[in-house]
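Asker: Would you mind keeping the following structure in view while I ask a few things?
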Ligand SMILES: Nc1ncnc2c1ncn2[C@@H]1O[C@H](COP(=O)(O)OP(=O)(O)OP(=O)(O)O)[C@@H](O)[C@H]1O
Ligand SMILES: [Mg+2]
């Protein structure tokens with residue numbers, strides 16, 4: 001068994017994340033300070049298919065998981081005996097990919113006697129906002145109540161957090177997730193994979209007012225809908241193609257992006273007003289989007305917490321950050337834990 005103190009100070013957690021196409025391991029102190037953060041991306045492997053190929057993803061995780069965990073320990077100059085717990089993404093994600101990380105985490109726990117904690121990937125995305133960036137200025141963590149917006153490849157969810165690990169569901173997308181809409185629109189506009197960053201890059205040279213794409217406000221509800229917007233882009237592309245007009249890719253990307261940003265920011269600000277929340281956390285892959293970050297931060301009514309770019313998309317540092325909260329609140333799993341590919345956060 002791990003001989004270390006049960007204190008909540010200097011808690012070192014090793015986390016493993018393999019829910020999709022990144023093989024990742026990280027070690028954090030007290031859920032905030034990074035000792036190591038290793039991510040082996042499979043982007044090049046999947047690029048030729050225009051999306052993640054699940055079977056290839058799990059095979060690649062098998063090849064990279066061991067060196068990635070070893071590298072995380074080496075970079076932190078720590079051995080397993082000097083850690084306090086192992087956290088691992090249990091879901092949601094691709095079943096075959098999750099299993100690889102889960103088995104690695106179980107093996108580490110079994111071999112070392114360290115406690116094992118299963119983490120919801122979305123909880124990880126949220127807790128990325130607590131990670132202390134390497135910048136010299138120490139930032140204050142978010143303060144409750146918090147409006148939490150997760151915008152990623154598979155989710156667009158708005159919640160209120162009144163305390164750590166307490167989530168009150170407000171709304172989510174009724175159809176496509178925000179990241180999914182970026183990926184689909186990138187394909188429509190023939191922009192390279194991965195879609196989100198390509199749309200952002202094209203949008204930076206485009207006119208956001210060139211096309212008046214629809215915003216699904218869904219008044220009176222905290223839900224989102226992005227499929228109508230995506231269909232509007234598709235229709236415009238087909239109309240222009242039918243007339244033999246060259247597609248103004250940059251203007252379309254900019255107009256689409258601004259429609260997504262408008263809806264996400266307005267709903268989050270309305271929710272913050274409604275729940276008297278001063279702090280808003282924005283997390284998940286789409287929170288890497290520069291226009292979205294600017295729209296959130298160019299106001300002074302609310303305090304915005306958006307993780308540094310490298311913690312927006314999938315990584316294990318965020319799993320260690322959430323793992324720390326679970327650890328100090330007494331959560332433990334055992335070796336009978338299985339992956340949970342459709343695990344809802346709320
Ligand atoms: N700069 C950007 N602008 C817009 N979207 C982006 C940007 N960078 C990444 N994304 C989008 O973020 C998504 C990937 O985020 P993330 O890795 O969190 O998703 P995921 O893990 O696949 O899904 P989930 O977290 O819901 O299970 C993709 O849809 C991608 O297009
Ligand atoms: Mg993710």
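The values are calculated or read from the model by the stated rules, or taken from the named source; none is laboratory data. Since the structure is predicted, the reported quantities are computational estimates derived from the model, not experimental observations. Every residue, glycine among them, receives a Cβ derived from its backbone with ideal geometry; neighbour counts consider all protein chains shown.
Asker: Can you tell me how many residues in segment 85-113 are assigned to a loop (DSSP other than H, G, I, E, B) and touching a helix residue (DSSP H, G or I) at 6+ places or on another chain (Cβ under 7 Å)? Even if it seems obvious, please write down each step before you answer.
Answerer: So in segment 85-113, the residues assigned to a loop (DSSP other than H, G, I, E, B) come out as 92-94, 113.
Going one step further and asking which of them are touching a helix residue (DSSP H, G or I) at 6+ places or on another chain (Cβ under 7 Å), we end up with 92-94.
Final tally of qualifying residues: 3.
Asker: When segment 29-50 is examined, which residues are found to be within 17 Å of the chain's Cα centre (by Cα) and surrounded by 14 or more Cβ atoms within 10 Å (Cβ to Cβ)?
Answerer: Listed by number, the residues that qualify are 31, 32, 37, 38, 39, 40, 41, 42.
Asker: Another question, if that's okay. Based on this model, can you work out whether residue 197 counts as under 29 Å from residue 160 (Cα atoms) and not in a helix (DSSP H, G or I)?
Answerer: When the stated conditions are applied, residue 197 does not pass them.
Asker: Here are 289, 294: which of them is without any contact (Cβ under 8 Å) to a residue 12 or more places away in the chain, in contact with a helix residue (DSSP H, G or I) (Cβ under 9 Å, 6 or more places away or on another chain) and away from ligand 2 (no atom under 11 Å from the Cβ)?
Answerer: Details: 289 fails: without any contact (Cβ under 8 Å) to a residue 12 or more places away in the chain.
After ruling out the rest, the residue left standing is 294.
Asker: Taking the options 345, 309, name whichever one is surrounded by fewer than 16 Cβ atoms within 10 Å (Cβ to Cβ) and within 15 Å of ligand 2 (Cβ to nearest atom).
Answerer: 309
Asker: Shifting gears a bit: Can you give me the ranges of the strands (runs of 3 or more DSSP E) entirely in segment 115-171 with at least 1 residues that are surrounded by fewer than 16 Cβ atoms within 10 Å (Cβ to Cβ) and without any contact (Cβ under 8 Å) to a residue 24 or more places away in the chain?
Answerer: Hits in segment 115-171: 156-163.
Asker: From the list 206, 153, 195, pick out the single residue that is away from ligand 2 (no atom under 16 Å from the Cβ) and either at pLDDT 95 or above or outside the structural domain of residue 31 (by TED's automatic domain parsing) (or both).
Answerer: Result of the check over 206, 153, 195: 206.
Asker: So for segment 250-264 (the condition being in the same structural domain as residue 189 (by TED's automatic domain parsing) and not in a helix (DSSP H, G or I)), does at least one residue qualify?
Answerer: no
Asker: Now, a different point. In segment 273-295, what residues are within 21 Å of the chain's Cα centre (by Cα), buried (at least 21 other Cβ atoms within 10 Å of the Cβ) and more than 13 Å from ligand 1 (Cβ to nearest atom)?
Answerer: Matches in segment 273-295: 280, 281.
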